[in-house]
Amino acid sequence: MERIINHRFVGVALLAGVIVFSPEVSIAEEEKKPSRRERLMQRFDKNKDGKLDAEEREAIRKLLRRSRGSDDAKPAKREDKIHIPKDYDPKKEYPFILTLHGYTSNGRGQLGFFPLARLAEKYDFIYCAPDGIDRSWNATDACCDWSGEVDDSKYLRNLILKAMKEYNIDKKRVYITGLSNGGFMSYRMAHDHSDLITAIVPFAGVGFDEWPSAPKNPVSVLHIHGTRDKTIKWKGGGIQGAKYPSAEGNFAKWKAFNKCEKKTDTSELKIDLDRKVEGAETKVERYESKDGKVVTELWEVVDGGHVTPPRSAARERIIKWMLARSK
């Protein structure tokens with residue numbers, strides 16, 4: 001398979017960033033204009049075949065580096081502010097949530113997709129929405145480790161440890177959530193740092209098609225994915241010649257990693273998550289470890305697309321799911 005970027009993929013992948021960067025502009029109005037990524041395609045796709053070769057992709061990367069105030073020798077400075085509740089008490093232990101943006105977005109965009117400020121005050125947790133270099137995370141070969149120049153796994157681990165030094169964080173309650181490329185990175189962190197991560201909640205992002213190894217420790221997973229996702233497809237696919245697994249195949253792999261063999265009856269449970277789909281469209285499948293401490297759960301957003309900003313009640317439900325998990 002050619003190592004190419006599908007035109008549809010890059011156009012849709014930018015959608016999250018477009019929506020949250022311009023909240024005053026309606027989605028309908030935004031769709032009338034070509035996205036930034038589409039403009040880049042028009043500029044750099046020399047033969048106008050809707051595909052980018054290696055040279056064209058590198059030219060785009062250099063442009064993005066310059067736009068972030070960096071060059072090839074010196075990576076751009078990241079924004080990684082740590083947010084604490086207004087009534088933060090250094091004598092009290094707090095859960096910590098790391099929330100990761102999608103490809104071409106940033107931390108600010110992720111907080112537009114999944115706002116945390118109000119919930120942090122209500123449920124007393126600390127959070128951080130960092131920026132990826134060149135607006136991406138080097139999570140897997142499919143999404144989006146294409147340059148191999150940045151070790152985001154190491155960076156994010158150090159960011160968590162830094163937060164632990166500065167604030168009184170409960171080491172048994174460290175969580176990661178992320179959208180698309182950020183979802184891929186959530187899985188990468190769960191694999192690489194299972195000693196540190198308690199649970200992850202990936203939206204529309206999976207892991208490696210073939211994992212190099214099993215994580216050393218179980219990490220609870222709540223995977224959220226739309227069945228009509230055309231970017232990271234429910235049934236799996238590939239990007240630049242690298243395959244990524246289906247949502248169900250990825251779920252089965254992590255269910256095995258976590259040794260979650262006890263199925264919970266969720267046949268009567270449906271969640272109204274997606275604002276764009278009418279009714280309670282989301283079906284739940286849940287497995288637990290023998291002691292019930294580790295959970296592997298799949299939320300199938302029936303007819304949901306790639307970017308599914310959860311309704312307020314669903315967002316709060318997700319936070320409560322995370323905070324209920326402990327090492």
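The values are calculated or read from the model by the stated rules, or taken from the named source; none is laboratory data. Source: prediction; values computed, not measured. Note that each Cβ is placed from the backbone with ideal geometry, even for glycine, and that neighbours are counted across all protein chains shown.
Some notes on this structure:
- One residue from R108, R118, R157 being closer than 23 Å to V206 by Cβ, basic (K, R) and either surrounded by fewer than 22 Cβ atoms within 10 Å (Cβ to Cβ) or in contact with a Ser or Thr (Cβ under 7 Å, 6 or more places away or on another chain) (or both): R157
- Residue in the stretch 131-140 that is modelled with pLDDT of 95 or more, in contact with a His (Cβ under 9 Å, 6 or more places away or on another chain) and acidic (D, E) present: yes
- Qualifying residue in the stretch 230-239 (condition: crowded, with 18+ Cβ neighbours inside 10 Å and at pLDDT below 95): yes
- Matching option when the condition is under 23 Å from I97 (Cα atoms) and among the β-branched types (V, I, T), among V295, V277, V302: V295
- Residues that are over 29 Å from K327 (Cβ atoms) and not in a strand (DSSP E or B) within the stretch 199-231 comprise T227, R228, D229, K230, T231, listed in sequence order.
- With respect to the conditions (1) within 28 Å of R311 (Cβ to Cβ); (2) not in a helix (DSSP H, G or I), W254 lacks only one, and its number is (2).
- Here the stretch 294-326 is the region considered, the condition is being among the basic types (K, R) and outside any helix (DSSP H, G or I), and the residue that is nearest to H223 (Cα to Cα) is R325.
- Filtering S267, S246 for residues that are under 17 Å from the mean Cα position of the chain (by Cα) and surrounded by fewer than 22 Cβ atoms within 10 Å (Cβ to Cβ) leaves a single hit, S246.
- Residue within the stretch 139-160 that is farther than 24 Å from S326 by Cα, part of a helix (DSSP H, G or I) and among the aliphatic types (A, V, I, L, M) present: no
- Scan of the stretch 197-216 for residues that are more than 14 Å from L298 (Cβ to Cβ) and free of Cβ contacts under 8 Å to residues at least 40 places away in the same chain, ordered by number: I197, E210, P212, S213, K216
- Where a residue in the stretch 176-189 is on the phi > 0 side of the Ramachandran plot and its partner, wherever it lies, is in a helix (DSSP H, G or I) and among the charged types (D, E, K, R), with Cβ under 7 Å and at least six apart: none
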